[in-house]
Amino acid sequence: METQQILNLATNALEDKKAQNITILDVRKCSSITDFMIVATGRTARQVSALSQHVIAEMKSNGERPLGDEGIKQGEWALVDIGDVIVHIMQPETREFYQLEKLWGELGDKSAQLETQNT
């Protein structure tokens, strides 16, 4: 499955279960482990778990087997690794604390600056 299809499928799965603040981060220039990250918020531990399980189920039903998952039972921060796409689903307080968008945005800015300096 193409990366764009995975992004669309994962985003739609999150929207199906009412995830909030879905953000797609392009990390190709600053990460060797994945191309994109999707960050979404679930209001409760139960919703975080349900969202991550729904993403996994949708991937499997469309022939894309996730490489791994973490944190589903705890429900504070769940991660689903789909290879070129990693999905992070967090409760609001956890998302605010870790600020992945800011972290990866700053890394992306530094990566772009390094490319400019090397040319």
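The values are calculated or read from the model by the stated rules, or taken from the named source; none is laboratory data. Please read these numbers as outputs of a predicted model, since none were measured by experiment. For neighbour counting, all protein chains shown are included, and Cβ atoms are generated from backbone atoms with ideal geometry for every residue, glycine included.
How many residues are modelled with pLDDT under 95 and more than 24 Å from Glu96 (Cβ to Cβ) when one looks only at region 4-32? Counting residues in region 4-32 that are modelled with pLDDT under 95 and more than 24 Å from Glu96 (Cβ to Cβ) gives 3.
Only one of the listed residues (Thr41, Thr23) is in contact with a helix residue (DSSP H, G or I) (Cβ under 7 Å, 6 or more places away or on another chain) and crowded, with 19+ Cβ neighbours inside 10 Å. That residue is Thr41.
Across region 82-104, the number of residues qualifying as touching a residue at least 24 places away in the same chain (Cβ under 8 Å) and either under 17 Å from Ile24 (Cβ atoms) or among the aromatic types (Phe, Trp, Tyr) (or both) comes to 13. As an exercise: evaluate Lys29 against (1) surrounded by fewer than 18 Cβ atoms within 10 Å (Cβ to Cβ); (2) in a helix (DSSP H, G or I) and give the number of the one condition it does not meet. Condition (2) is where Lys29 drops out. Looking at region 43-51, is at least one residue under 17 Å from Met1 (Cα atoms) and modelled with pLDDT of 95 or more? Within region 43-51, not a single residue is under 17 Å from Met1 (Cα atoms) and modelled with pLDDT of 95 or more. Quick check on my filter: what residues within region 53-97 are basic (Lys, Arg) and either buried (at least 21 other Cβ atoms within 10 Å of the Cβ) or in a strand (DSSP E or B) (or both)? The one that is basic (Lys, Arg) and either buried (at least 21 other Cβ atoms within 10 Å of the Cβ) or in a strand (DSSP E or B) (or both): Arg95.
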